[in-house]
Every structure is written in C-alpha cells, then in structure tokens.
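See below for the structure under consideration.
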Amino acid sequence: MKNILIHCCCGPCSIYPFEVLQQKGFNIFAIYFNPNIHPLKEYLRRREAFIEVCKYFNVRYLCFDKDYNPQKYFQLINFRENNRCFYCYYMRLEKTFFIARRGKFDLFTTTLLYSKFQKHNMIFEIGRDLCSGSKIDFWYYDFREGWKIGQDKSKQLGIYRQEYCGCIYSEFDRFKKELMFE
Ligand code: SF4
C-alpha cells in the first residue's frame, strides 16, 4: 500500500479526492496548510470543515496553524497580484513536499486539483519540479471529474462551503460588484 500526503485547501474540496484515494487503496495523510486564507475567521471556518471531512472519511490529519502567517503570504506575493496564484500554489506545495520527504511518503498531491477554478497545468508543473531528483512523486489526478459528487456530498453533510478562493484579492473579486460607486 502506498503512502500519500495530500494538501487540503478546505473541507468540500477534500471530499471527492478522499473518495478517489480510498478507492485506489492509498494510505492517506492529510494536511491543512493555507496561510493565503483571509481573514483568520475564514481560515478557522475552513479548518473546521476540513477536520469534519477527515473525521467522516477516517483520514489522519494535521493542521499547521503555527504557520498561519498572513505577513509571510503578502511578502511572498510582493505586489505581484497578477501572478499571485503561482506563488500561492508554490508555497503550499513546497511545504507539502518537504513534509512528504521528511515523513518518507511515496507520493503527494493536493485538493487544489478538485477545483474548476484553479490552474491545473501550473499546479502539475510545480509539483513535478519539486519532486525532480527525489524519491517522491507528485500524484496528478484530475479530481474535477467529481465536482458534482463532492458538491452534493458537502451539502448533504452540511459542510461549510466558502464563497471565494481564499486570499483577500479573491474576496475582492468575488464581492466587488456590491460596492456602491457614485
Ligand atoms: S486566488 Fe486562490 S490560489 Fe490564487 S492567490 Fe488567491 S487564494 Fe491563492
């Protein structure tokens, strides 16, 4: 049985990937490491949803709350808002890779690959580049195929479903139409 470390961005996006990984017989360990999420209350709500889903699927997990540091996220972005997703993916995948290497996992992956709104090619290339020369592989899987299954299940379980990707920029993009311009 292969050991896989999965980075999770939230609860709803973890549902279908957990189903797939369990069906394929992987030994799963999940981590929640998302310093990109703003504000802190939103981070905590998503964290709670993630834990609910882990418990439902009986998946072992760890939350990296000590690494929740918005300043570091903004330093990383460094006013490169237009290319922010690259740095955001890199930050989270690099951490996952380091943990996978330290824990001697066979593979690592991410629930970002469940989202229809994320840049799959970019995620794949980052994952592949991180593993080059190591004994770990990035496990790419197009979890988007189960979009509806995951959405339906999250509603059925009453799991908190967020309204924006995570960072303050994505929140602004999501709600800016509600601003009143004179
Ligand atoms: S839009 Fe999402 S993936 Fe992109 S930087 Fe913001 S939180 Fe990260």
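The values are calculated or read from the model by the stated rules, or taken from the named source; none is laboratory data. These numbers come from a predicted model, not from an experiment. Counting neighbours? That spans all protein chains shown, and the Cβs are built from the backbone with ideal geometry, glycine included. Only protein heavy atoms, including side chains, enter the accessible area calculation; ligands, DNA and RNA are left aside. Shrake-Rupley method; radii C 1.70, N 1.55, O 1.52, S 1.80 Å.
Quick check: net charge around Met91, other residues with Cβ under 11 Å of its Cβ, Lys/Arg +1 and Asp/Glu -1? For residues surrounding Met91, the net value is +2. Rounded to the nearest 10 degrees, the angle from helix 120-131 to the longest Cα principal axis of the chain is 50 degrees. Each part reduced to its alpha carbon centroid, the stretch 74-123 and the stretch 1-30 end up 16 Å apart.
Remark: the Glu19-Lys72 segment gains 15.8 nm on full extension, using 0.36 nm per residue and subtracting the alpha carbon distance. Overall, the accessible surface of the chain at a probe of 1.4 angstrom is composed of carbon and sulfur to the extent of 52 percent.
According to the square roots a ≥ b ≥ c of the eigenvalues of the Cα gyration tensor, what is the shape class of the chain, taking rounded for a/c under 1.5, prolate for a/b larger than b/c otherwise, and oblate for the remainder?
oblate
For Ser154, Ser132, what's the largest-to-smallest order of accessible area, 1.4 Å probe? Walk me through the numbers before you get to the answer.
Working: Ser154 0, Ser132 85 Å².
Ranked from most to least accessible, the order is Ser132, Ser154.
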